[in-house]
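Enquirer: Structure provided below as structure tokens; questions to follow.
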């Protein structure tokens, strides 16, 4: 009997709703708005409906070990929302997500980096966020710096990095932990073509080694 490929992601019947137009109000203003809602319940209910945005509705998919999945669609289609749900940055309104394996994500430019810390310090910070011990980061440090090609700027505060430099460092850290699952948003569109090609070669190598990858 042929062995089955392990499922690393189960994304089952996921819906995600965001609240819109929710702002902080003073107690007198809140009391006034509540009073108006009692006098005009129909309009109040209509406004309430307009305060919600469904980014996802009943979305399901599975991802097997070593598979890649591209999420395509116009702005607002929910692509980044899916990545944030998988990364645990936000939670679904309904449905169930099962992750089987170590996950690494490169979703937002500069995510996980402290702008006042140097590139060196942020490598250790980001590594800790991704679940590595200090000793593990230390062993991978030279590899991360070499891949990012930021040797000259590694002790410079990240707030002085260009967007392309931040992407270099972020991808180098995310790819270095040998994840079972890698999530990559559109951040790789930032930066020069040569480094994007280098990232794609690294991604192909990871796929060949059994890493599952989701792109936007």
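The values are calculated or read from the model by the stated rules, or taken from the named source; none is laboratory data. From a predicted model like this one, the values you see are computed outputs, not experimental measurements. Please note: Cβ atoms are built from the backbone with ideal geometry, for glycine as well, and neighbour counts cover all protein chains shown.
Enquirer: Residue check: is residue 95 in the same structural domain as residue 56 (by TED's automatic domain parsing) and in a strand (DSSP E or B)?
Expert: yes
Enquirer: Within the stretch 109-128, work out how many residues are under 23 Å from residue 16 (Cβ atoms) and out of contact with any helix residue (DSSP H, G or I) (no Cβ under 7 Å at 6 or more places or on another chain).
Expert: Summing the residues that are under 23 Å from residue 16 (Cβ atoms) and out of contact with any helix residue (DSSP H, G or I) (no Cβ under 7 Å at 6 or more places or on another chain) in the stretch 109-128 gives 1.
Enquirer: For the stretch 135-151, indicate whether the set of residues that are surrounded by 13 or more Cβ atoms within 10 Å (Cβ to Cβ), within 30 Å of residue 63 (Cα to Cα), out of contact with any strand residue (DSSP E or B) (no Cβ under 6 Å at 6 or more places or on another chain) and modelled with pLDDT under 90 is non-empty.
Expert: no
Enquirer: Ok, one more. Taking residue 137 as the residue in question, decide whether it is in contact with a helix residue (DSSP H, G or I) (Cβ under 9 Å, 6 or more places away or on another chain), free of Cβ contacts under 8 Å to residues at least 60 places away in the same chain and assigned to a helix (DSSP H, G or I). Walk me through how you get there before you give the answer.
Expert: Numbers: in contact with a helix residue (DSSP H, G or I) (Cβ under 9 Å, 6 or more places away or on another chain): yes; free of Cβ contacts under 8 Å to residues at least 60 places away in the same chain: yes; assigned to a helix (DSSP H, G or I): yes.
Spelling it out, residue 137 is indeed in contact with a helix residue (DSSP H, G or I) (Cβ under 9 Å, 6 or more places away or on another chain), free of Cβ contacts under 8 Å to residues at least 60 places away in the same chain and assigned to a helix (DSSP H, G or I).
Enquirer: With respect to residue 77, determine if the residue is closer than 18 Å to residue 171 by Cβ, outside the structural domain of residue 165 (by TED's automatic domain parsing) and surrounded by fewer than 15 Cβ atoms within 10 Å (Cβ to Cβ).
Expert: When the stated conditions are applied, residue 77 does not pass them.
Enquirer: What's the number of the condition residue 178 fails, among (1) in a helix (DSSP H, G or I); (2) surrounded by fewer than 16 Cβ atoms within 10 Å (Cβ to Cβ); (3) at pLDDT below 90?
Expert: So residue 178 meets the others, but not (1).
Enquirer: Here's another thing I want to ask about it. I'd like to verify a number: residues in the stretch 187-206 that are surrounded by fewer than 16 Cβ atoms within 10 Å (Cβ to Cβ) and within 19 Å of residue 87 (Cα to Cα), how many?
Expert: 0
Enquirer: Of 164, 131, 127, which residue is part of a loop (DSSP other than H, G, I, E, B) and touching a residue at least 12 places away in the same chain (Cβ under 8 Å)?
Expert: Answer to the selection: 131.
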